[in-house]
Each structure stands twice: as structure tokens, then as C-alpha cells.
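One structure below.
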Amino acid sequence: LAKTTQPISMDSYEGQEVNITCSHNNIATNDYITWYQQFPSQGPRFIIQGYKTKVTNEVASLFIPADRKSSTLSLPRVSLSDTAVYYCLVGETDSNYQLIWGAGTKLIIKP
Amino acid sequence: EAEVAQSPRYKITEKSQAVAFWCDPISGHATLYWYRQILGQGPELLVQFQDESVVDDSQLPKDRFSAERLKGVDSTLKIQPAELGDSAMYLCASSKRKQGIVGNTIYFGEGSWLTVV
């Protein structure tokens, strides 16, 4: 079973900020939180990774509260090309990278 | 930017036939993964290699699936005989480091779509 829970789908409009929240109530001390993006008929693409507080890169921001039981991926000023499925995963720092993937969140951006 | 190469991109095969997928990971990446993704679901790990050795194949249906990475570089995933339920996208991925998640990004190929008829 996936260690995370995400909304099945979300809609937004071009130019808006989109926040996708992921629940991971049983996150372990050594787990990091990683987000991937997947377009139809393509392999997933790494977006961002974090452990606590806030991480920002050129694509997105990741907010992680102190209890780490959830995380929020923030996409600033989305465009139609951000329509994709977004996966939240948790994994151990020292494992053989055995991430368990859920069904992800299907984000649809409208004009 | 270096990419994970996969072929064929699309494959239609009849049930009970054999089918093979090839993957060339990013140069220098020690770890190679094969995933299966059914439409509407997330990827499921089938097998993981570190160099030429299998690290995890617990989810690989070994009665019909096999995977090899003989020289620790490219890899082949084979299905024989194919069944209708094998219709899915088969994703190859690679990562630089042997284990650990921090900073060890997994890079995916575009996938190979299999339809079994």
C-alpha cells in the first residue's frame, strides 16, 4: 500500500497558484518527501524533494510542517502545460530506493 | 540533458508470444529499474539492478518475466508468454548512486507501451 494519500484530481486556471497537498501520517524519521510529474505517455519527471520546512527550486516549492505528516507542492502561476499527474512519495534515506507509488493527483489547467 | 533510452516505444503482440524491451540508462548510472504502469495507476517496481546484480525482483512474475543487465550497462526485460493482463507501459529508469534517496534522483525513460491481443 502507498504510504501517501493525495486528491485524485484538481482543476485550476492559467496564471493561478496551485497547491497540492499530500498526507503521509506514518512518515518515518528517515523518510524524505519527493514529488514527480508525469505527462501522458511519458515517464515521470522529478520535481522537488525535501525533509522539513520549505524547499524551493525553479519549478516549484515544497512546504512541510513541523510534524511532517503532510506536505504541499506549490506550483506558481500555472500554465496549460502544467496539466499532468503529480505523485507524492516518501522514502527512506538509506533504502534501496523502494518508493511505493500511489495513483497521484491529476491536475487539469484550464484557459 | 542525458536521457534514459527505451525501445520499442510501442509493441502489439498476441497472447502467448514473447516480447522484449530494451533500456539504455544514463551513462554512469549504477542503478537501473524496470517499472510497470497500468493506465490510471502509479508505476510499480518490477526489478532493480545495481550494476549487473539484481537488488530487488520481489514483484517480478518470474514464471513469465525475466530481466538482465549483463555488463552493468543496458538491460533487457522479457515476457514469455505474454498474457492479456500484461498490457501496460513498461518504464525503465536509472539513478546515479547505488542506494539512498537524498539527492539520488531517478530519471525515467519515455516508456514502452505493450498491448497484448
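The values are calculated or read from the model by the stated rules, or taken from the named source; none is laboratory data. What you see is a predicted model, and the numbers here were worked out from it, not measured in a lab. As a convention, Cβ positions derive from the backbone with ideal geometry for all residues, glycine included, and neighbour counts pool all protein chains shown.
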Result of the Cβ filter at 9 Å on the range A:43-67, keeping first residues that are within 26 Å of B:Leu39 (Cα to Cα) and partners that are surrounded by 17 or more Cβ atoms within 10 Å (Cβ to Cβ) and among the acidic types (Asp, Glu), at least 6 apart or interchain, is A:Gly43/B:Glu110
Qualifying positions in the range A:1-49 - part of a loop (DSSP other than H, G, I, E, B) and more than 26 Å from A:Arg77 (Cβ to Cβ): A:Leu1, A:Ala2, A:Lys3, A:His24, A:Asn25, A:Asn26, A:Ile27, A:Ala28, A:Thr29, A:Asn30
A:Thr4: passes all of (1) at pLDDT 95 or above; (2) buried (at least 19 other Cβ atoms within 10 Å of the Cβ) but (1)
Given (1) within 12 Å of chain B (Cβ to nearest Cβ); (2) hydroxyl-bearing (Ser, Thr, Tyr); (3) over 30 Å from B:Ser7 (Cα atoms), A:Thr53 misses just (1)
I'd like to know if the range B:51-61 contains one or more residues that are more than 14 Å from chain A (Cβ to nearest Cβ) and out of contact with any helix residue (DSSP H, G or I) (no Cβ under 8 Å at 6 or more places or on another chain). yes
Which residue out of B:Ser7, B:Ser66, B:Ser58, B:Ser87 is exposed (fewer than 13 other Cβ atoms within 10 Å of the Cβ) and of a type in the set (S, T, N, Q)? B:Ser58
Only strands (runs of 3 or more DSSP E) wholly contained in the range B:65-117 count here; list those with 1 or more residues that are within 20 Å of A:Pro40 (Cα to Cα) and at pLDDT 90 or above. B:88-95, B:112-116
Can you pull out every residue in the range A:12-35 that is under 20 Å from A:Gly104 (Cβ atoms), in contact (Cβ under 8 Å) with a residue 60 or more places away in the chain and touching a Leu at 6+ places or on another chain (Cβ under 8 Å)? A:Ser12, A:Glu17, A:Val18, A:Ile20, A:Cys22, A:Thr34
Tell me, which residue of the range A:65-89 that is buried (at least 19 other Cβ atoms within 10 Å of the Cβ) and in contact with a Phe, Trp or Tyr (Cβ under 7 Å, 6 or more places away or on another chain) is modelled with the lowest pLDDT? A:Leu89
Extreme residue, farthest from the chain's Cα centre (by Cα), among residues of the range A:4-53 that are aromatic (Phe, Trp, Tyr) and more than 23 Å from B:Gly103 (Cβ to Cβ): A:Tyr13
